[in-house]
Amino acid sequence: SGKDYKESITIQAFTRSRKIVVELLEDARNAAISKRNGIEAYVPNFDNWALSKRIAARPLSSVVLDGTIADDIKADMKLFLESRDWYESVGVPYRRGYFLHGPSGSGKSSVALALASELGLKICVLPLGGPGMADDRLASIMNEVPSGSIVLFEDIDCAGKATASREKNE
């Protein structure tokens, strides 16, 4: 018949720790998300990362940048991704950073998503202006970045403002 049905599931765990049930539900959610197509997008979850959703892949050609900037960044990233052994052999941390700047809506996040799409990488979105984003939490989260990921720092212009305004009012 034409009625809408809702399913419900009841989970009983004979334990004193909620952690087991939470981990079970997170694993089930992550498994369901990972079966979809697109780029895996992660968000901070306490001092770790949680798979948030899959974002539709986007070709780099769909992002408008001056000249050959997009292709230059992609070529540099490919070279970096192929150079892990060299970084390890000379003892240099295997990291690469790019600073994209421009007004809101100018496509900075789109560039990161397109690069992740083209290179088969995950994307970790880190809002620096969020509540509770102190140095120790940032360091902890950065130590747990999933391998094969681009970390996209959002609201970098807001970083430290909340702390500075709290200190000013004290």
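The values are calculated or read from the model by the stated rules, or taken from the named source; none is laboratory data. Everything quoted here is computed from the prediction, not taken from an experiment. Every residue, glycine among them, receives a Cβ derived from its backbone with ideal geometry; neighbour counts consider all protein chains shown. Each accessible area value is taken on the protein alone, full model and side chains, heavy atoms only, with ligands, DNA and RNA left out. Shrake-Rupley method; radii C 1.70, N 1.55, O 1.52, S 1.80 Å.
From S61, S117, S109, S83, grab the single residue that is more than 22 Å from M133 (Cβ to Cβ) and touching a strand residue (DSSP E or B) at 6+ places or on another chain (Cβ under 8 Å). Result: S117 is the single residue among S61, S117, S109, S83 that is more than 22 Å from M133 (Cβ to Cβ) and touching a strand residue (DSSP E or B) at 6+ places or on another chain (Cβ under 8 Å).
Taking the range 152-170 as the range and being open to solvent by 40 Å² or more (accessible area, probe 1.4 Å) and modelled with pLDDT of 65 or more as the test, the residues that pass are F153, E154, D155, I156, D157, C158. Checking V90, V64 one by one, the residue that is modelled with pLDDT of 85 or more and either among the polar types (S, T, N, Q) or over 19 Å from the mean Cα position of the chain (by Cα) (or both) is V90 and no other. How about the range 130-142: which of its residues are touching a residue at least 24 places away in the same chain (Cβ under 8 Å) and assigned to a helix (DSSP H, G or I)? Answer for the range 130-142, where residues must be touching a residue at least 24 places away in the same chain (Cβ under 8 Å) and assigned to a helix (DSSP H, G or I): R137, S140, I141. So is G148 at positive phi and either open to solvent by 60 Å² or more (accessible area, probe 1.4 Å) or modelled with pLDDT under 90 (or both) or not? Spelling it out, it is not the case that G148 is at positive phi and either open to solvent by 60 Å² or more (accessible area, probe 1.4 Å) or modelled with pLDDT under 90 (or both).
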